[in-house]
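Okay, so here's the structure we're looking at.
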Amino acid sequence: MSTSFNDQLVAVLPRLRRFARGLTGSAVEADDLVQAACERALARVHQFQPGTRFDSWMFRIVQTVWIDQLRARETRRTESEDEAFGAGTDEPARRVEARMALREVQAAIALLPAEQRVALLLVTVEGLSYREAAEVAAVPVGTIMSRLARARMALLAKLGGDALRGSTEDAKAE
Amino acid sequence: MQRLSDEILIAYLDGELDEHETLEIVKVLARDDRLQAHAERLNASARLIRAAYDDVLRETVPERLIAAARGERGLNALQRALAWLARWRMVLGERPWWIGVPVAAALAGLMIGGGLGYVAGTEQSASLTAQQDLVTAGAGTNWLDSIAGYHKLFVKAGANDRALMDVPADANADAARKVGQLPSDFRLPNLKPWSLEFQGARLLMIDGQPATQLFYTTDNKSLGALTFVEAESSKADLAPTFDRREDLNILYWRHHGHAYALVGAADIGYLWNIYNDIAWQLDAI
């Protein structure tokens, strides 16, 4: 195993965790997913094409493992993560509201169909181009474009005006 | 142009359309206030979507994942975690930051030369010059002080002050290399996945060697503006090391004849994760 391959894998871990968190909606499940994806990547290191984007390759593996898991079982929700957020803490009310707004966004994303969620996370969160996202999802660019548009419009409808007004600033100001 | 579809509008907002299509949509938006408002709501929702997962990037990556990525298991991973913690406890101990300055300078062997930088054929505004004087006065001769000072100068000037940049973000990198504005081996780290937008580069002379300071901004206030410095160095490799200057965190390292530093108000978890990304992109691990 080359050191550079392992180093690349370590380097991309934070983004894999973010992608997996968006897919699963759960911190525990996301880390389990990333761990499984790392193990699969190391077992298939010979399949990686040098000169191509390593992060895209890993996103594809994460997505594949996730789909395999979805097919194998019902997605398990970790109840402890969904306990009343901020309750019993000294967090200022405004900050709690901002965090809740972001939780609301995560919850809305979790309700999207899986393929729309993948397109949204790859393009809007991870910053991949449509072409790169299409390669990860193994679909045509036009399909990514339409899935992304449906996801964005669905979220716009779900979040409404209140969630879009200043909640980003509030959440980041903490 | 026919009635604009949401697909096309979103592709435009994502920067996915060609120049001709983009110009067409700019025209349509200019004469349709409702469509403009719709586009602004889409932009706001995109920011919110990105913000929803920001915290993940600030979290410490669990050791079990690092071990998995390195193909390690069991006791080796535990030993590695303990060694890692011990190392950072040494680096981040309670010592005052200034104790580390001479050591850092000696290790890095990098001194910002003379007038705190050289600007190739650019004119600077009077306000900028005044700001530089402030930076110079407070910077001392240590390179970490200097790059922290430049970071503050950049933040204070704002991304729109193009006089600060020797090479603006929209410059053609190849052309800039040809006219000697950028080093021939210059490579720009792509930090868009971290919501960091490149704003431009500033050229410095560090210890007689050219160095490039790259500026990035973000709408993510928990991350904040960031600068990344690449310089040539004849010193031995140095593992990533943390330091602080007032409210700024600095992560610096050396690899294969180059010295690097990240400067920003972001917490060390963020800097560490961004370091890993940059190191990989530049093959600077």
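The values are calculated or read from the model by the stated rules, or taken from the named source; none is laboratory data. Because the structure is a prediction, the values reported are computed rather than measured. Please note: Cβ atoms are built from the backbone with ideal geometry, for glycine as well, and neighbour counts cover all protein chains shown. In case anyone asks, the SASA skips ligands and DNA or RNA and just uses the protein heavy atoms, side chains included. Shrake-Rupley method; radii C 1.70, N 1.55, O 1.52, S 1.80 Å.
Some observations on this one:
- Number of the condition not met by B:Leu248 [criteria: (1) among the aliphatic types (A, V, I, L, M); (2) under 21 Å from B:Glu59 (Cβ atoms); (3) at pLDDT 85 or above; (4) surrounded by fewer than 24 Cβ atoms within 10 Å (Cβ to Cβ)]: (2)
- Which listed residue is assigned to a loop (DSSP other than H, G, I, E, B), surrounded by fewer than 20 Cβ atoms within 10 Å (Cβ to Cβ) and at negative phi, from B:Leu29, B:Leu35, B:Leu23, B:Leu17: B:Leu17
- If you go through region A:19-29 and pick out every residue that is under 11 Å from the mean Cα position of the chain (by Cα) and open to solvent by 10 Å² or more (accessible area, probe 1.4 Å), you end up with 3.
- Every condition in (1) modelled with pLDDT of 85 or more; (2) open to solvent by less than 10 Å² (accessible area, probe 1.4 Å) holds for B:Arg202 except the one numbered (1).
- Residues within region A:110-151 that are more than 7 Å from every other protein chain (Cβ to nearest Cβ), assigned to a helix (DSSP H, G or I) and farther than 22 Å from B:Leu196 by Cβ, tallied: 17
- Pairs where the first residue, in region B:264-275, is hydroxyl-bearing (Ser, Thr, Tyr) and the second is open to solvent by 10 Å² or more (accessible area, probe 1.4 Å), C-beta under 7 Å, 6+ apart: B:Tyr270/B:Arg58; B:Tyr275/B:Pro240
- Residue check, A:Asp31 facing chain B (nearest Cβ under 10 Å) and acidic (Asp, Glu): yes
- Criterion applied to B:Tyr270, B:Tyr216 was being buried (at least 22 other Cβ atoms within 10 Å of the Cβ) and modelled with pLDDT of 85 or more, and the one residue passing it is B:Tyr216.
- Residues in region B:43-69 that are more than 7 Å from chain A (Cβ to nearest Cβ) and open to solvent by 30 Å² or more (accessible area, probe 1.4 Å) were compared, and the one that is farthest from the chain's Cα centre (by Cα) is B:Glu63.
- Of everything listed in (1) within 13 Å of chain A (Cβ to nearest Cβ); (2) modelled with pLDDT of 85 or more, the single unmet condition for B:Ile285 is (2).
- Pairs, first farther than 14 Å from B:Glu63 by Cα in region A:29-52, second assigned to a helix (DSSP H, G or I) and open to solvent by 30 Å² or more (accessible area, probe 1.4 Å), C-beta under 6 Å, six or more apart: A:Ala30/A:Arg21; A:Phe48/A:Trp57
- Hits in region A:34-60 - residues which are touching a Lys or Arg at 6+ places or on another chain (Cβ under 9 Å) and either at positive phi or more than 7 Å from every other protein chain (Cβ to nearest Cβ) (or both): A:Asp55, A:Met58, A:Phe59
- For region B:221-236, residues that are at pLDDT 85 or above and within 14 Å of chain A (Cβ to nearest Cβ) total 2.
- Residue that is farthest from the chain's Cα centre (by Cα), among those in region A:30-56 that are under 23 Å from A:Thr124 (Cα atoms) and open to solvent by 10 Å² or more (accessible area, probe 1.4 Å): A:Thr52
- A:Ala72 satisfies every condition listed in (1) more than 26 Å from A:Gln106 (Cβ to Cβ); (2) modelled with pLDDT under 90 except (1).
- Index of the failed condition, B:Arg244 passing every other in (1) in contact (Cβ under 8 Å) with a residue 12 or more places away in the chain; (2) within 14 Å of chain A (Cβ to nearest Cβ); (3) closer than 25 Å to B:Asp55 by Cβ: (2)
- B:Asp277 being among the acidic types (Asp, Glu) and more than 13 Å from every other protein chain (Cβ to nearest Cβ): no
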